[in-house]
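Down below is the structure, laid out as structure tokens.
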Amino acid sequence: MTKSKIVTFGCRLNSYESEVMADLSDAAGLQDTIVFNTCAVTSEAQRQARQAIRKARRENPDAKIVVTGCAAQIDPGEFADMPEVDHVIGNSEKMDRAVFDSLTLPDSERIIVNDIMSVKETANHLISGFGERARAFVQIQNGCDHRCTFCIIPYGRGNSRSVPAGVIVEQVRALVERGFKEVVLTGVDLTAYGKDLPGQMTLGSLVKSIFHQVGDLPRLRISSIDSIEVDADLLDVITNEPRLMPHLHLSLQSGDNMILKRMKRRHLREDAIAFCELVRRERPDIVFGADIIAGFPTETEDMFAQSMDLVDACELTFLHVFPYSPRPGTPAARMPQLDRSIVKQRAQRLRTLGGERLSKFLARQKDQTVELLMENSTVGRTPQFAEMQLDESQATGSIVTARIDGVTGHQLVGHSLPHVN
């Protein structure tokens, strides 16, 4: 091994930041190093990171191992205590070129983790490339001002802070000039975008500005949003701008109002259903995904049934199911916990329902013509983010017109159509 290797866990924002770290480590000349960019959204995510670190040390006994990300920010001592780990750096520090420069020195500090709540700005990094990735990610926001009772992430990311709109537009323009045909806007709490900036900037006005100023951007996606905080401009662009892809991932978490209250969420189940009905009425090709937690403390069978029912009421297609696990330091960890077997069983029931809904959606796509963004030579994503296998090779990152012939498992299959000028 020569150059550093970045191992990423968790969200799209972590994926973006891993690309930044790859650039920073290359610029610093960091060699024979493995950087683990961890996630703290569940205790299982942290367990997987520790397991991967131990495996990496066994396979690379002479490498330098650096751990960063949300888990390292929240509990640096846990990783510093691992004999396999050489350095632990915080979420702010991992974006700092000087920190990577210091890692090349023989006497560099072992733990470099500062108070994330003291960070007031999010620096935007223009990434030189995304390897072989078909789409590019742009960070527009970091941190979260909300304190949901189950969530530890604000303590790993700090308070909400936004990247100025002009900087974001310039980065999107630069990525399009480099040939990227799809850009994904990422952050921790996207619908909080702009609240810390001067003026009346919102996520919707930002998206409109991107489309207005980067007219040759073919496709834009926004990652997970809070539907209750969707502003008028964002609703307008979701329903009327074809370049915004018809796939929204919603942070719903539960379908029961009492559980939502105990989670300290800001919406009711009726709000979620009304939002999905409104958007689908204005844009019939839209598909929704959602995060749902199974087995939250005090959740009864009837409360869980409300979450199952919400999947159908909102016509959700892509489910991210999280079996609840207590995070030390959060209010929910002090609530009456459910038996783990019940939590796992409810999560499986949700996943089964999600699989059924996805299968029904895919079956309805047969014989349709779609525009695929190729993620590799034979697999692409439709505008609704369904995965599709082609029977011939295409250029990674290209947009290909294709006909859907059928479904295999949870993947569409089909063939490309001749390009017509």
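The values are calculated or read from the model by the stated rules, or taken from the named source; none is laboratory data. Owing to the predicted nature of the structure, the values given are computational and were not obtained by experimental measurement. Note: ideal-geometry Cβ built from the backbone for every residue, glycine included; neighbour counts use all protein chains shown. Keep in mind that these areas ignore ligands, DNA and RNA; they rest on the heavy atoms of the full protein, side chains included. Shrake-Rupley method; radii C 1.70, N 1.55, O 1.52, S 1.80 Å.
Ranked by accessible surface with a 1.4 Å probe, highest first, in what order do Leu185, Leu353 come? Could you put the intermediate results ahead of the total?
On the way: Leu185 0, Leu353 25 Å².
Result, largest first: Leu353, Leu185.
Would you kindly work out the equivalent ellipsoid of region 156-227 from its C-alpha gyration tensor and give its semi-axes, the square roots of five times the eigenvalues, largest first in whole Å? Display every interim value, and only then the final one.
Working: eigenvalues 91, 36, 25 Å².
Output for region 156-227: semi-axes of 21, 13, 11 Å.
Quick one: which of Lys5/Lys360; Lys261/Lys344; Lys5/Lys181; Lys264/Lys344 span more than 32 angstrom between C-alpha atoms? List each step's numbers first, then the result.
Values: Lys5/Lys360 40 Å; Lys261/Lys344 22 Å; Lys5/Lys181 26 Å; Lys264/Lys344 23 Å.
From Lys5/Lys360; Lys261/Lys344; Lys5/Lys181; Lys264/Lys344, over 32 Å: Lys5/Lys360.
What net charge is computed for the residues neighbouring Val237, neighbours being all others with C-beta under 14 Å from the C-beta of Val237, Lys and Arg scored +1, Asp and Glu -1?
Values: positive: Lys208, Arg219, Arg221, Arg243, Arg283; negative: Asp231, Asp233, Asp236, Glu241, Glu282.
Around Val237, the charge tally is 0.
How big is Rg to Rh over region 280-421, alpha-carbon atoms, Rh as the Kirkwood inverse-mean-distance radius?
Taking Rh as the inverse mean 1/r over Cα pairs, Rg/Rh reads 1.11.
Taking amide H atoms as placed 1.01 Å from N in the peptide plane, list the residues 5 or more away in sequence, or in a different chain, whose amide H sits under 5 Å from that of Val413.
Amide H neighbours of Val413: Gln389, Asp405, Gly406, Val407, Thr408.
What Kirkwood radius, in Å to one decimal, follows from the Cα pairs of region 343-421? Provide the component values of the computation, followed by the final result.
Values: mean 1/r = 0.0754 Å⁻¹.
Result for region 343-421 stands at 13.3 Å.
What relative contact order, as a whole-number percentage, does region 279-421 give when Cα pairs under 8 Å and 6 or more residues apart are counted? Let's see the in-between values first.
Values: 238 pairs, mean separation 26.8, N = 143.
Rounded, it is 19 percent for region 279-421.
Mind listing the long-range amide H neighbours of His320? Cut-off is under 5 Å, sequence gap 5 or more, other chains count too, H placed in the peptide plane at 1.01 Å from N.
Ala290, Asp291, Ile292
How much length would be gained if the chain were fully extended between Arg281 and Ser43, taking 0.36 nm per residue of separation minus their Cα-Cα distance, in nm to one decimal?
Extra length from Arg281 to Ser43 when fully extended: 81.8 nm.
If I take every Cα pair under 8 Å that is 6 or more residues apart in the chain, average their sequence separation and divide by the length, what percent do I get for the relative contact order? Could you put the intermediate results ahead of the total?
Details: 857 pairs, mean separation 44.1, N = 421.
It comes to 10 percent, rounded to a whole number.
Can you give me the solvent accessible area of Ile111 with a 1.4 Å probe, rounded to the nearest 10 Å²?
Taking all protein chains as shown, Ile111 has close to 80 Å².
Return, ordered by residue number, the residues of region 18-48 whose backbone nitrogen is under 15 Å from a label point located 7 Å along Cα→Cβ of Glu59.
33-37
Can you compute the charge dipole magnitude of region 323-391 about its Cα centre, using +1 on each Lys and Arg Cβ and -1 on each Asp and Glu Cβ, nothing else charged? Give it in debye, rounded to the nearest 20.
620
Can you give me the orientation-averaged projected area of the convex hull built on the Cα atoms of region 1-117, in nm²? Could you put the intermediate results ahead of the total?
Values: hull surface 26.2 nm².
Directional mean of the projected Cα hull area for region 1-117 stands at 6.5 nm².
Averaging the inverse of every distinct alpha carbon separation and then flipping it gives the Kirkwood radius. What is it for region 208-355, in angstrom units?
On the way: mean 1/r = 0.0611 Å⁻¹.
For region 208-355, the Kirkwood estimate is 16.4 Å.
Calculate what fraction, in whole %, of the accessible area of the chain sits on carbon and sulfur atoms when a 1.4 Å probe is rolled over the protein chains.
Values: 9090 of 17890 Å².
About 51 percent, which is the carbon plus sulfur part of the accessible surface.
Provide, in order from the shortest bin, the percent of all Cα-Cα pairs of the chain in each 10 Å bin, continuing until the bin that contains the maximum pair distance.
Going from the shortest bin to the longest, the percentages are 4, 20, 29, 29, 15, 2, 0.
Which whole-Hz ³J(HN,Hα) couplings does region 309-326 yield from phi under the Karplus relation 6.51 cos²θ - 1.76 cosθ + 1.60, θ = phi - 60°, glycine and proline marked x?
Using θ = phi - 60°, the values come out as 5, 4, 4, 7, 5, 8, 6, 6, 10, 10, 9, 9, 9, 10, x, 4, 9, x Hz.
Per DSSP H run of n ≥ 4, the term is -39500 (n - 2.57); total these for the chain, divide by its residue number, and report the mean residue ellipticity at 222 nm rounded to 500 deg cm²/dmol. Write out the running numbers ahead of the final one.
Values: 13 runs with 145 residues, N = 421.
Only helices count here, giving -10500 deg cm²/dmol.
Taking amide hydrogens as modeled 1.01 Å from N in the peptide plane, which residues meet the under 5 Å criterion relative to Lys5, leaving out close sequence neighbours?
Long-range HN contacts for Lys5: Thr33, Ile34, Val35.
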